[in-house]
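The values are calculated or read from the model by the stated rules, or taken from the named source; none is laboratory data. Predicted, not measured: the structure shown is a model, and the values here were computed from it. Ideal geometry is used to build each Cβ from the backbone, glycine not excepted, and the neighbour counts take in all protein chains shown. All accessible areas refer to the heavy atoms of the entire protein, side chains included, with ligands and DNA or RNA removed. Shrake-Rupley method; radii C 1.70, N 1.55, O 1.52, S 1.80 Å.
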Amino acid sequence: MIKRFILFVVAVGALVTFLFYQQQIKEPLKVSGFIEADEIRVGSRVGGRVHEVSAEEGRRVSVGDVLVKLEPFDLLERRAEAQSKLSAAQAECEKRKAGFREEEIAQAQARRDQLAARLQKLEVGPRKQEIAAAQARLDLANAQLELAELNYKRVETLLKQQTVSREDMDKAETERKVARATVQVRSEELTLLQEGTRIEDIAEAKAQLEEASQAWQLCVNGYRAEDIAQAEATVEAASAALRVIDRQLEELTITAPVEGVIEAVELQPGDLVAPNAPVISIMDTSHLWVRAYVPENRLNIRVDQKVPISVDSYPGETFAAHISFIARQAEFTPGNVQTPEDRSQQVFRIKVTIDEGLDRARPGMVTDVWLESRESPE
(Lines give C-alpha, C1' and ligand atoms only; values in the text may rest on other atoms or scores of the structure.)
Protein backbone atom coordinates (compact mmCIF):
# COMPACT_ATOMS: atom_id res chain seq x y z
CA MET A 1 0.00 0.00 0.00
CA ILE A 2 2.79 2.36 0.97
CA LYS A 3 4.60 1.42 -2.24
CA ARG A 4 1.58 2.40 -4.35
CA PHE A 5 1.26 5.68 -2.52
CA ILE A 6 4.89 6.47 -3.18
CA LEU A 7 4.46 5.71 -6.90
CA PHE A 8 1.38 7.93 -7.00
CA VAL A 9 3.23 10.79 -5.35
CA VAL A 10 6.13 10.40 -7.78
CA ALA A 11 3.74 10.39 -10.75
CA VAL A 12 1.94 13.48 -9.52
CA GLY A 13 5.27 15.25 -8.97
CA ALA A 14 6.44 14.36 -12.45
CA LEU A 15 3.20 15.63 -13.95
CA VAL A 16 3.44 18.90 -12.00
CA THR A 17 7.05 19.30 -13.04
CA PHE A 18 6.12 18.69 -16.74
CA LEU A 19 3.29 21.19 -16.61
CA PHE A 20 5.52 23.78 -14.98
CA TYR A 21 8.15 23.24 -17.70
CA GLN A 22 5.56 23.64 -20.43
CA GLN A 23 4.49 26.95 -18.93
CA GLN A 24 8.08 28.19 -19.05
CA ILE A 25 8.48 27.31 -22.76
CA LYS A 26 7.53 30.26 -24.93
CA GLU A 27 6.50 29.61 -28.52
CA PRO A 28 8.36 31.67 -31.17
CA LEU A 29 6.31 34.66 -32.37
CA LYS A 30 4.35 34.08 -35.52
CA VAL A 31 1.62 35.98 -37.33
CA SER A 32 -0.86 34.56 -39.78
CA GLY A 33 -2.20 35.83 -43.04
CA PHE A 34 -3.14 34.88 -46.56
CA ILE A 35 -0.99 34.72 -49.68
CA GLU A 36 -1.96 37.51 -52.06
CA ALA A 37 -1.03 38.40 -55.64
CA ASP A 38 -1.59 41.28 -58.04
CA GLU A 39 -4.61 40.97 -60.30
CA ILE A 40 -3.87 42.46 -63.71
CA ARG A 41 -6.94 43.45 -65.72
CA VAL A 42 -5.90 43.90 -69.34
CA GLY A 43 -7.79 45.50 -72.20
CA SER A 44 -7.39 47.70 -75.26
CA ARG A 45 -7.18 51.48 -75.41
CA VAL A 46 -8.97 51.55 -78.78
CA GLY A 47 -11.64 48.88 -78.41
CA GLY A 48 -13.49 47.30 -81.29
CA ARG A 49 -15.04 44.01 -82.39
CA VAL A 50 -13.41 40.79 -81.17
CA HIS A 51 -11.85 38.78 -83.99
CA GLU A 52 -10.16 35.96 -82.09
CA VAL A 53 -9.96 34.81 -78.45
CA SER A 54 -6.90 32.75 -77.50
CA ALA A 55 -7.18 33.04 -73.72
CA GLU A 56 -8.70 30.29 -71.57
CA GLU A 57 -9.52 30.43 -67.87
CA GLY A 58 -6.91 28.71 -65.71
CA ARG A 59 -4.25 28.70 -68.42
CA ARG A 60 -0.79 29.89 -67.47
CA VAL A 61 0.58 32.56 -69.77
CA SER A 62 3.95 34.21 -70.26
CA VAL A 63 4.78 37.82 -71.06
CA GLY A 64 3.78 38.64 -74.65
CA ASP A 65 1.37 35.73 -75.16
CA VAL A 66 -1.55 36.73 -77.41
CA LEU A 67 -4.86 36.74 -75.56
CA VAL A 68 -7.35 38.54 -77.82
CA LYS A 69 -7.28 40.03 -81.33
CA LEU A 70 -9.64 42.81 -82.45
CA GLU A 71 -10.74 43.69 -85.98
CA PRO A 72 -8.90 46.69 -87.51
CA PHE A 73 -12.04 48.34 -88.97
CA ASP A 74 -10.74 51.48 -90.82
CA LEU A 75 -7.34 51.72 -89.17
CA LEU A 76 -5.52 50.23 -92.17
CA GLU A 77 -7.01 52.81 -94.54
CA ARG A 78 -6.24 55.61 -92.09
CA ARG A 79 -2.67 54.38 -91.84
CA ALA A 80 -2.30 54.42 -95.63
CA GLU A 81 -3.57 58.01 -95.69
CA ALA A 82 -1.18 59.02 -92.92
CA GLN A 83 1.71 57.34 -94.74
CA SER A 84 0.89 59.28 -97.91
CA LYS A 85 0.83 62.57 -96.01
CA LEU A 86 4.15 61.72 -94.42
CA SER A 87 5.71 60.91 -97.81
CA ALA A 88 4.44 64.20 -99.25
CA ALA A 89 5.77 66.16 -96.28
CA GLN A 90 9.15 64.44 -96.53
CA ALA A 91 9.35 65.20 -100.26
CA GLU A 92 8.56 68.89 -99.64
CA CYS A 93 11.14 69.01 -96.85
CA GLU A 94 13.82 67.46 -99.05
CA LYS A 95 12.94 69.91 -101.82
CA ARG A 96 13.44 72.89 -99.53
CA LYS A 97 16.70 71.51 -98.16
CA ALA A 98 18.04 70.90 -101.67
CA GLY A 99 17.09 74.40 -102.83
CA PHE A 100 16.35 75.42 -106.42
CA ARG A 101 17.55 73.39 -109.39
CA GLU A 102 20.43 74.57 -111.56
CA GLU A 103 18.03 75.12 -114.45
CA GLU A 104 15.85 77.40 -112.32
CA ILE A 105 18.87 79.41 -111.20
CA ALA A 106 20.11 79.71 -114.81
CA GLN A 107 16.66 80.82 -115.97
CA ALA A 108 16.51 83.52 -113.29
CA GLN A 109 20.01 84.71 -114.20
CA ALA A 110 19.13 84.89 -117.89
CA ARG A 111 16.06 86.96 -117.11
CA ARG A 112 18.17 89.33 -115.03
CA ASP A 113 20.79 89.66 -117.79
CA GLN A 114 18.07 90.33 -120.35
CA LEU A 115 16.62 93.19 -118.29
CA ALA A 116 20.09 94.55 -117.56
CA ALA A 117 20.81 94.78 -121.31
CA ARG A 118 17.46 96.48 -121.89
CA LEU A 119 18.23 99.07 -119.21
CA GLN A 120 21.63 99.75 -120.68
CA LYS A 121 20.05 100.21 -124.09
CA LEU A 122 17.56 102.72 -122.69
CA GLU A 123 20.26 104.62 -120.82
CA VAL A 124 22.51 104.91 -123.90
CA GLY A 125 19.62 106.08 -126.07
CA PRO A 126 19.31 105.93 -129.87
CA ARG A 127 22.46 105.46 -131.94
CA LYS A 128 23.66 108.03 -134.45
CA GLN A 129 22.81 105.69 -137.29
CA GLU A 130 19.18 105.47 -136.06
CA ILE A 131 18.94 109.27 -135.95
CA ALA A 132 20.50 109.52 -139.42
CA ALA A 133 18.06 106.95 -140.76
CA ALA A 134 15.16 108.86 -139.24
CA GLN A 135 16.49 112.08 -140.86
CA ALA A 136 16.73 110.33 -144.21
CA ARG A 137 13.16 109.05 -143.90
CA LEU A 138 12.04 112.60 -143.11
CA ASP A 139 13.89 113.95 -146.17
CA LEU A 140 12.28 111.28 -148.32
CA ALA A 141 8.89 112.19 -146.96
CA ASN A 142 9.50 115.88 -147.72
CA ALA A 143 10.52 115.00 -151.26
CA GLN A 144 7.39 112.93 -151.73
CA LEU A 145 5.35 115.80 -150.33
CA GLU A 146 6.88 118.24 -152.88
CA LEU A 147 6.08 115.80 -155.65
CA ALA A 148 2.53 115.44 -154.41
CA GLU A 149 2.10 119.24 -154.23
CA LEU A 150 3.33 119.68 -157.84
CA ASN A 151 1.07 116.90 -159.04
CA TYR A 152 -1.89 118.40 -157.22
CA LYS A 153 -1.34 121.85 -158.79
CA ARG A 154 -0.95 120.35 -162.26
CA VAL A 155 -4.16 118.33 -161.97
CA GLU A 156 -5.95 121.34 -160.56
CA THR A 157 -4.95 123.39 -163.66
CA LEU A 158 -6.00 120.61 -166.02
CA LEU A 159 -9.28 120.26 -164.20
CA LYS A 160 -10.01 123.96 -164.88
CA GLN A 161 -9.26 123.30 -168.54
CA GLN A 162 -11.53 120.27 -168.28
CA THR A 163 -8.87 117.97 -169.65
CA VAL A 164 -8.92 115.61 -166.61
CA SER A 165 -11.75 114.09 -164.69
CA ARG A 166 -12.85 114.81 -161.15
CA GLU A 167 -11.52 111.44 -160.07
CA ASP A 168 -8.00 112.43 -161.07
CA MET A 169 -8.36 115.54 -158.96
CA ASP A 170 -9.49 113.55 -155.92
CA LYS A 171 -6.59 111.16 -156.35
CA ALA A 172 -4.05 113.99 -156.48
CA GLU A 173 -5.57 115.58 -153.37
CA THR A 174 -5.41 112.31 -151.47
CA GLU A 175 -1.77 111.75 -152.39
CA ARG A 176 -0.95 115.24 -151.14
CA LYS A 177 -2.65 114.53 -147.77
CA VAL A 178 -0.79 111.25 -147.42
CA ALA A 179 2.51 112.92 -148.14
CA ARG A 180 1.84 115.64 -145.59
CA ALA A 181 0.94 113.06 -142.92
CA THR A 182 4.04 111.05 -143.73
CA VAL A 183 6.19 114.13 -143.26
CA GLN A 184 4.52 114.76 -139.90
CA VAL A 185 5.16 111.18 -138.74
CA ARG A 186 8.79 111.17 -139.89
CA SER A 187 9.37 114.48 -138.19
CA GLU A 188 7.97 113.18 -134.87
CA GLU A 189 10.08 110.06 -135.11
CA LEU A 190 13.21 112.10 -135.62
CA THR A 191 12.35 114.40 -132.73
CA LEU A 192 11.71 111.39 -130.46
CA LEU A 193 15.08 109.88 -131.31
CA GLN A 194 16.85 113.15 -130.81
CA GLU A 195 15.32 113.65 -127.34
CA GLY A 196 16.45 110.16 -126.23
CA THR A 197 14.78 107.69 -123.81
CA ARG A 198 12.13 108.89 -121.38
CA ILE A 199 13.06 109.02 -117.69
CA GLU A 200 9.99 106.98 -116.79
CA ASP A 201 11.05 104.15 -119.12
CA ILE A 202 14.51 104.07 -117.53
CA ALA A 203 12.99 103.98 -114.02
CA GLU A 204 10.68 101.15 -115.04
CA ALA A 205 13.56 99.19 -116.52
CA LYS A 206 15.61 99.68 -113.35
CA ALA A 207 12.73 98.37 -111.23
CA GLN A 208 12.30 95.33 -113.45
CA LEU A 209 16.03 94.65 -113.30
CA GLU A 210 16.01 94.88 -109.49
CA GLU A 211 13.09 92.48 -109.29
CA ALA A 212 14.85 89.99 -111.57
CA SER A 213 18.10 90.36 -109.60
CA GLN A 214 16.33 89.59 -106.32
CA ALA A 215 14.57 86.59 -107.86
CA TRP A 216 17.92 85.28 -109.11
CA GLN A 217 19.54 85.84 -105.71
CA LEU A 218 16.64 84.05 -104.06
CA CYS A 219 17.26 81.02 -106.25
CA VAL A 220 20.98 81.12 -105.43
CA ASN A 221 20.43 81.39 -101.65
CA GLY A 222 17.71 78.73 -101.56
CA TYR A 223 14.91 78.53 -99.01
CA ARG A 224 15.08 80.30 -95.67
CA ALA A 225 15.95 78.40 -92.50
CA GLU A 226 12.46 79.14 -91.22
CA ASP A 227 10.92 77.52 -94.31
CA ILE A 228 13.05 74.42 -93.81
CA ALA A 229 12.15 74.32 -90.10
CA GLN A 230 8.48 74.59 -91.01
CA ALA A 231 8.82 71.70 -93.48
CA GLU A 232 10.63 69.62 -90.85
CA ALA A 233 7.86 70.36 -88.35
CA THR A 234 5.28 69.22 -90.90
CA VAL A 235 7.22 65.99 -91.36
CA GLU A 236 7.36 65.45 -87.61
CA ALA A 237 3.63 66.09 -87.27
CA ALA A 238 2.84 63.62 -90.05
CA SER A 239 5.22 61.09 -88.51
CA ALA A 240 3.56 61.51 -85.12
CA ALA A 241 0.13 60.96 -86.67
CA LEU A 242 1.41 57.77 -88.28
CA ARG A 243 2.88 56.58 -84.99
CA VAL A 244 -0.46 57.13 -83.29
CA ILE A 245 -2.21 54.89 -85.82
CA ASP A 246 0.55 52.27 -85.54
CA ARG A 247 0.10 52.29 -81.78
CA GLN A 248 -3.65 51.85 -82.25
CA LEU A 249 -2.98 48.90 -84.54
CA GLU A 250 -0.77 47.39 -81.84
CA GLU A 251 -3.61 47.84 -79.36
CA LEU A 252 -5.75 45.55 -81.52
CA THR A 253 -3.71 42.63 -80.20
CA ILE A 254 -4.11 42.22 -76.44
CA THR A 255 -1.14 40.39 -74.94
CA ALA A 256 -0.19 39.24 -71.46
CA PRO A 257 1.84 41.95 -69.67
CA VAL A 258 3.05 39.57 -66.94
CA GLU A 259 3.55 35.89 -66.29
CA GLY A 260 0.56 34.47 -64.50
CA VAL A 261 -2.69 32.55 -64.63
CA ILE A 262 -5.83 33.70 -66.42
CA GLU A 263 -8.61 34.14 -63.88
CA ALA A 264 -11.58 35.28 -65.93
CA VAL A 265 -12.49 35.46 -69.64
CA GLU A 266 -15.91 36.52 -70.83
CA LEU A 267 -15.38 37.14 -74.53
CA GLN A 268 -16.45 35.51 -77.76
CA PRO A 269 -15.60 36.40 -81.38
CA GLY A 270 -17.97 39.12 -82.51
CA ASP A 271 -18.31 40.78 -79.11
CA LEU A 272 -17.75 44.51 -78.89
CA VAL A 273 -15.04 45.73 -76.52
CA ALA A 274 -15.15 49.28 -75.17
CA PRO A 275 -11.95 51.37 -75.19
CA ASN A 276 -9.96 51.39 -71.93
CA ALA A 277 -12.17 48.66 -70.47
CA PRO A 278 -10.69 45.49 -68.88
CA VAL A 279 -11.62 42.29 -70.70
CA ILE A 280 -9.36 39.64 -69.11
CA SER A 281 -8.15 39.17 -65.53
CA ILE A 282 -4.66 37.70 -64.96
CA MET A 283 -3.24 36.73 -61.58
CA ASP A 284 0.44 37.68 -61.41
CA THR A 285 2.09 34.60 -59.85
CA SER A 286 5.62 35.93 -60.26
CA HIS A 287 5.19 38.21 -57.25
CA LEU A 288 3.44 36.80 -54.16
CA TRP A 289 3.28 38.23 -50.69
CA VAL A 290 1.59 37.78 -47.33
CA ARG A 291 -0.39 40.51 -45.61
CA ALA A 292 -0.07 40.15 -41.84
CA TYR A 293 -0.39 42.21 -38.66
CA VAL A 294 2.24 42.49 -35.90
CA PRO A 295 1.38 43.46 -32.29
CA GLU A 296 2.69 46.79 -31.11
CA ASN A 297 4.84 45.21 -28.38
CA ARG A 298 6.55 42.93 -30.93
CA LEU A 299 7.52 45.56 -33.44
CA ASN A 300 11.21 44.78 -33.22
CA ILE A 301 11.41 44.00 -36.92
CA ARG A 302 12.83 45.86 -39.91
CA VAL A 303 12.34 46.12 -43.65
CA ASP A 304 14.33 43.54 -45.70
CA GLN A 305 14.51 41.26 -42.66
CA LYS A 306 14.65 37.60 -43.72
CA VAL A 307 11.81 35.51 -42.26
CA PRO A 308 10.60 31.96 -42.96
CA ILE A 309 6.99 31.20 -43.77
CA SER A 310 4.99 28.00 -43.65
CA VAL A 311 1.71 26.99 -45.22
CA ASP A 312 -0.76 24.36 -44.16
CA SER A 313 -0.62 22.76 -47.60
CA TYR A 314 3.04 21.78 -47.09
CA PRO A 315 3.44 20.71 -43.45
CA GLY A 316 6.99 20.48 -42.19
CA GLU A 317 8.34 22.85 -44.90
CA THR A 318 9.31 26.49 -44.79
CA PHE A 319 9.93 28.97 -47.57
CA ALA A 320 12.26 31.95 -47.60
CA ALA A 321 10.71 35.41 -47.53
CA HIS A 322 11.53 38.94 -46.42
CA ILE A 323 9.65 41.85 -44.92
CA SER A 324 9.15 44.43 -47.67
CA PHE A 325 6.81 46.88 -45.90
CA ILE A 326 5.94 48.00 -42.36
CA ALA A 327 3.07 50.42 -41.88
CA ARG A 328 3.88 53.74 -40.26
CA GLN A 329 0.51 54.00 -38.54
CA ALA A 330 -1.09 51.52 -36.13
CA GLU A 331 -4.58 50.09 -36.52
CA PHE A 332 -6.86 47.70 -34.73
CA THR A 333 -6.51 44.02 -35.54
CA PRO A 334 -8.86 42.95 -38.35
CA GLY A 335 -11.41 40.35 -37.36
CA ASN A 336 -10.06 37.66 -39.72
CA VAL A 337 -6.45 37.86 -38.49
CA GLN A 338 -5.17 35.69 -35.66
CA THR A 339 -2.18 36.61 -33.49
CA PRO A 340 -1.03 35.38 -30.10
CA GLU A 341 -1.90 38.79 -28.66
CA ASP A 342 -5.21 40.17 -27.57
CA ARG A 343 -7.31 41.40 -30.55
CA SER A 344 -8.04 44.63 -28.73
CA GLN A 345 -4.40 45.68 -28.96
CA GLN A 346 -3.21 47.85 -31.82
CA VAL A 347 -1.14 46.23 -34.55
CA PHE A 348 0.95 47.31 -37.53
CA ARG A 349 0.35 45.95 -40.98
CA ILE A 350 3.34 44.33 -42.68
CA LYS A 351 3.93 42.93 -46.13
CA VAL A 352 6.11 39.84 -46.47
CA THR A 353 7.35 39.10 -49.99
CA ILE A 354 7.86 35.43 -50.79
CA ASP A 355 11.30 34.68 -52.26
CA GLU A 356 11.05 30.95 -53.00
CA GLY A 357 8.38 28.38 -53.68
CA LEU A 358 6.48 30.66 -56.06
CA ASP A 359 5.64 27.65 -58.21
CA ARG A 360 4.04 25.89 -55.25
CA ALA A 361 2.40 28.72 -53.37
CA ARG A 362 -1.08 29.81 -54.42
CA PRO A 363 -2.98 33.02 -53.68
CA GLY A 364 -5.45 32.47 -50.85
CA MET A 365 -3.38 29.90 -48.88
CA VAL A 366 -3.25 30.43 -45.12
CA THR A 367 0.33 31.26 -44.16
CA ASP A 368 2.29 31.63 -40.91
CA VAL A 369 5.09 34.18 -40.83
CA TRP A 370 7.71 33.31 -38.20
CA LEU A 371 9.19 36.50 -36.82
CA GLU A 372 11.42 34.56 -34.38
CA SER A 373 13.64 31.58 -35.07
CA ARG A 374 12.36 28.09 -34.38
CA GLU A 375 13.51 24.57 -34.98
CA SER A 376 10.50 23.32 -36.89
CA PRO A 377 7.18 24.85 -37.86
CA GLU A 378 4.06 23.71 -36.17
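Normalised by 2.2 N^0.38 Å, with N the number of residues, the alpha-carbon radius of gyration of the range 47-116 equals 2.45. With a/c under 1.5 counting as rounded, go ahead and sort the range 74-161 into rounded, prolate or oblate using the C-alpha gyration tensor (a ≥ b ≥ c being the square roots of the eigenvalues; past the cut-off, prolate if a/b is larger than b/c, else oblate). Because a/c hits 1.5 or more and a/b fails to exceed b/c, the range 74-161 counts as oblate. Surface composition of the chain: carbon and sulfur atoms hold 52% of the protein heavy-atom accessible area at a 1.4 Å probe.
Length available on full extension from E130 to E77: 0.36 nm per residue minus the Cα-Cα distance, which gives 11.9 nm.
Residues considered: I301, I228, I354. Largest GNM mean-square fluctuation over the chain, using C-alpha springs under 10 Å, is found at I301. Taken as entire DSSP H runs, the helices of the chain that both span 24 Å or more between Cα atoms along their own long axis and average 0.0 or more on the Kyte-Doolittle scale are 2-24. Computed from the C-beta positions of D139 and V220, the FRET efficiency with R₀ = 41 Å rounds to 0.20. Taking 1.306 mPa s as the viscosity and 10 °C as the temperature, the Stokes-Einstein diffusion coefficient of the range 142-194 based on its alpha-carbon Kirkwood radius rounds to 134 µm²/s. Only one residue of V164, I202, A141 has its Cα farthest out toward the positive end of the dipole of the range 108-215, where Lys and Arg carry +1 and Asp and Glu -1 on Cβ, and that residue is V164. The trypsin sites (Lys or Arg not before Pro) of the range 260-327 that meet both conditions, a loop assignment by DSSP and at most 13 other Cβ atoms within 10 Å of the site Cβ, are R302.
Surface calculation, 1.4 Å probe, protein heavy atoms: F100 sits at approximately 60 Å² accessible. Of the two radii for the range 207-266, the radius of gyration is 1.54 times the Kirkwood radius, both from the alpha carbons; that is the Rg over Rh value. Backbone phi angles across the range 274-291, fed through the Karplus curve with coefficients 6.51, -1.76 and 1.60 (θ = phi - 60°), yield HN-Hα couplings of 6, x, 6, 10, x, 10, 9, 10, 10, 8, 7, 8, 7, 9, 10, 8, 10, 9 Hz in residue order; Gly and Pro are listed as x. In the chain, inverting the average of 1/r over every pair of distinct C-alpha atoms gives 33.6 Å as the Kirkwood radius.
In the Gaussian network model of the chain, springs joining C-alpha atoms below 10 Å, which of D246, D139, D38 carries the largest mean-square fluctuation? Most flexible of the set in this elastic network: D139.
Considering only E189, E71, E104, the Gaussian network model of the chain with Cα springs below 10 Å gives its largest mean-square fluctuation to E189.
Sorted from greatest to least, the principal axis extents spanned by the alpha carbons of the range 147-258 come out as 132, 35, 16 Å.
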